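Visitor: Take a look at the following structure, please.
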Amino acid sequence: MQSSVAATTTSTPSSSPGEIRHDWSRQEVEALFAQPFNDLLFQAHTEHRKYFDPNQVQVSTLLSIKTGACPEDCAYCPQSTRYDTGLEAEALMEIEQVLEQARAAAASGATRFCMGAAWRSPKQRDMPQVVAMVKGVRALGLESCMTLGMLTREQAQELSEAGLDYYNHNLDTSPEFYGDVITTRTYQDRLETLDHVRDAGMKVCSGGIVGMGEKQTDRAGLLQQLANLPQHPESVPINMLVRVQGTPLEAEADLDPFEFIRTIAVARIMMPASHVRLSAGREEMNEQMHALAYFAGANSIFYGEKLLTTPNPQANSDMALFARLGIEPERRHVEQAPATPSPHFYDAAAR
Ligand code: SAM
Ligand code: DTB
Ligand code: SF4
């Protein structure tokens with residue numbers, strides 16, 4: 001078995017400490033995926049420890065500020081108007097309602113508040129309300145994140161000036177598989193919005209979905225695209241498809257859970273300084289799978305019983321698992337960090 005270790009350390013692409021690469025070939029990424037599972041996890045966990053405390057996980061809260069009736073045809077999405085998923089559409093929320101939820105998130109110990117809207121792109125008439133939400137959330141001492149669809153350069157600038165910290169815009173899959181899942185926009189459209197977000201000075205949150213019937217090379221292609229951006233996204237959500245009845249992907253086959261863990265591990269190796277978020281699909285993952293994902297390099301989750309429209313694990317079960325694994329929620333590392341750690345997490349776990 002000596003030889004397998006030696007072969008891995010010499011032939012498997014990696015980054016040395018401090019090295020952030022942007023020149024991954026598809027072949028190199030596929031080679032990472034193809035390693036024996038234990039070699040891959042060892043490499044990923046080693047990278048993880050170069051940049052992060054392995055016992056800390058960042059916690060974000062998610063709120064749908066405008067739900068359903070989206071004109072896009074994303075085959076996975078319950079919010080597309082093209083599929084009958086039984087979802088009740090809701091107009092853009094009032095500012096005060098959003099802030100009420102943000103206060104509750106802050107009280108439960110979340111450090112980032114993410115707001116999502118089922119839009120192709122925001123309308124100009126909605127921008128003042130959205131800007132007021134960003135300002136209100138920041139005034140509570142929370143980091144702010146939004147995902148509103150495609151942005152023009154001007155809209156990105158406006159959000160940045162309002163103080164928006166992160167913009168989430170996923171590439172979702174490889175360029176080759178994209179057209180099998182979405183036909184109402186192009187990969188290039190997504191890349192352009194990411195450019196606008198970066199140029200406006202905001203942090204980028206961008207990742208994708210696995211389990212949509214894509215091949216391993218598509219998962220490799222997604223990570224290759226993300227890691228070869230001029231700057232790595234600070235946050236990389238890896239969603240496992242939530243199969244929603246009425247969507248074209250409602251009966252998609254299960255993805256091998258180890259393949260999901262491999263995707264986390266490869267993301268960790270390729271973007272070693274980014275937060276890799278264990279995102280949608282956690283309801284279907286047991287505690288052992290969560291623990292393996294954290295070992296493989298996942299260090300962020302959405303916390304709270306609902307994602308945008310689908311269920312998420314109960315907050316207290318996440319916190320109970322954190323306590324059992326000796327994981328602590330990451331505290332804010334920005335200026336407004338509270339002087340003392342929030343006690344709420346382990347309180348919730350103890351109840
Ligand atoms: N409409 C905006 C957009 O598409 O960019 C923002 C909201 S959209 C719901 C945000 C992300 O949620 C998508 O890019 C996709 O990665 C994820 N998502 C949506 N439906 C999902 C599902 N059923 N399972 C897993 N992830 C999903
Ligand atoms: C992301 O990558 N995952 C979150 C967030 N960004 C906005 C959304 C997951 C949505 C899952 C399906 C739903 O709840 O509607
Ligand atoms: Fe609309 Fe976003 Fe859902 Fe696509 S993923 S249908 S753009 S809400």
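The values are calculated or read from the model by the stated rules, or taken from the named source; none is laboratory data. Since the structure is predicted, the reported quantities are computational estimates derived from the model, not experimental observations. Using ideal geometry, Cβ is built from the backbone for each residue, glycine included, and neighbour counts are taken over all protein chains shown. Surface accessibility is based on the protein's heavy atoms, side chains included, excluding ligands, DNA and RNA. Shrake-Rupley method; radii C 1.70, N 1.55, O 1.52, S 1.80 Å.
Visitor: Condition first: touching a helix residue (DSSP H, G or I) at 6+ places or on another chain (Cβ under 7 Å), more than 16 Å from ligand 1 (Cβ to nearest atom) and not β-branched (Val, Ile, Thr). Now tell me which residues in the range 309-327 satisfy that.
Guide: Matches in the range 309-327: Ala315, Asn316, Met319, Ala320, Leu321, Phe322, Ala323, Leu325.
Visitor: Is it the case, given these coordinates, that Met127 is open to solvent by less than 10 Å² (accessible area, probe 1.4 Å), in contact with a strand residue (DSSP E or B) (Cβ under 6 Å, 6 or more places away or on another chain) and within 16 Å of ligand 1 (Cβ to nearest atom)?
Guide: Criteria not met by Met127.
Visitor: Condition (residue is in contact with a His (Cβ under 8 Å, 6 or more places away or on another chain) and within 15 Å of ligand 3 (Cβ to nearest atom)) applied to the range 118-131: is it met by at least one residue?
Guide: No.
Visitor: Looking at (1) loosely packed, with under 15 Cβ neighbours inside 10 Å; (2) over 30 Å from Arg26 (Cβ atoms), which is the only condition Glu176 fails?
Guide: The failed condition is (2).
Visitor: Another question, if that's okay. If you scan the range 30-57, which residues turn out to be more than 26 Å from Glu214 (Cα to Cα) and either of a type in the set (D, E, K, R) or crowded, with 22+ Cβ neighbours inside 10 Å (or both)?
Guide: Glu47, His48, Arg49, Lys50, Asp53, Val57
Visitor: For the range 39-77, how many residues meet the condition of being farther than 20 Å from Arg190 by Cβ, within 16 Å of ligand 3 (Cβ to nearest atom) and not in a strand (DSSP E or B)?
Guide: 2
Visitor: In this structure, does Ser108 turn out to be near ligand 1 (Cβ under 10 Å from one of its atoms), surrounded by fewer than 21 Cβ atoms within 10 Å (Cβ to Cβ) and touching a residue at least 60 places away in the same chain (Cβ under 8 Å)?
Guide: Here the answer is no, as Ser108 does not meet what is asked.
Visitor: If you take the residues in the range 215-251 that are among the polar types (S, T, N, Q) and out of contact with any helix residue (DSSP H, G or I) (no Cβ under 8 Å at 6 or more places or on another chain), which one is nearest to ligand 1 (Cβ to nearest atom)?
Guide: The qualifying residue nearest to ligand 1 (Cβ to nearest atom) is Asn239.
Visitor: Identify all residues within the range 78-105 that are more than 16 Å from ligand 1 (Cβ to nearest atom), surrounded by fewer than 22 Cβ atoms within 10 Å (Cβ to Cβ) and not in a loop (DSSP other than H, G, I, E, B); write none if there are none.
Guide: Listed by number, the residues that qualify are Ile95, Glu96, Gln97, Leu99, Glu100, Gln101, Arg103, Ala104.
Visitor: A follow-up question, please. Which of the residues spanning the range 253-267 are of a type in the set (Asp, Glu) and open to solvent by less than 50 Å² (accessible area, probe 1.4 Å)?
Guide: Glu259
Visitor: Same structure again: In the range 220-267, what count of residues is obtained for those that are of a type in the set (Lys, Arg) and within 15 Å of ligand 2 (Cβ to nearest atom)?
Guide: Counting residues in the range 220-267 that are of a type in the set (Lys, Arg) and within 15 Å of ligand 2 (Cβ to nearest atom) gives 1.
Visitor: State whether the residues of the range 202-222 include one that is open to solvent by 20 Å² or more (accessible area, probe 1.4 Å), more than 20 Å from Val242 (Cβ to Cβ), touching a Ser or Thr at 6+ places or on another chain (Cβ under 6 Å) and more than 13 Å from ligand 3 (Cβ to nearest atom).
Guide: No, every residue in the range 202-222 fails to be open to solvent by 20 Å² or more (accessible area, probe 1.4 Å), more than 20 Å from Val242 (Cβ to Cβ), touching a Ser or Thr at 6+ places or on another chain (Cβ under 6 Å) and more than 13 Å from ligand 3 (Cβ to nearest atom).
Visitor: For the range 276-311, enumerate the residues that are surrounded by fewer than 22 Cβ atoms within 10 Å (Cβ to Cβ) and assigned to a strand (DSSP E or B).
Guide: Lys306, Pro311, listed by residue number.
Visitor: A follow-up question, please. Filter the range 133-160 down to the residues that are at pLDDT 95 or above and more than 16 Å from ligand 1 (Cβ to nearest atom), then identify the one that is least open to solvent (accessible area, probe 1.4 Å).
Guide: Restricting to residues being at pLDDT 95 or above and more than 16 Å from ligand 1 (Cβ to nearest atom), the top hit is Ser160.
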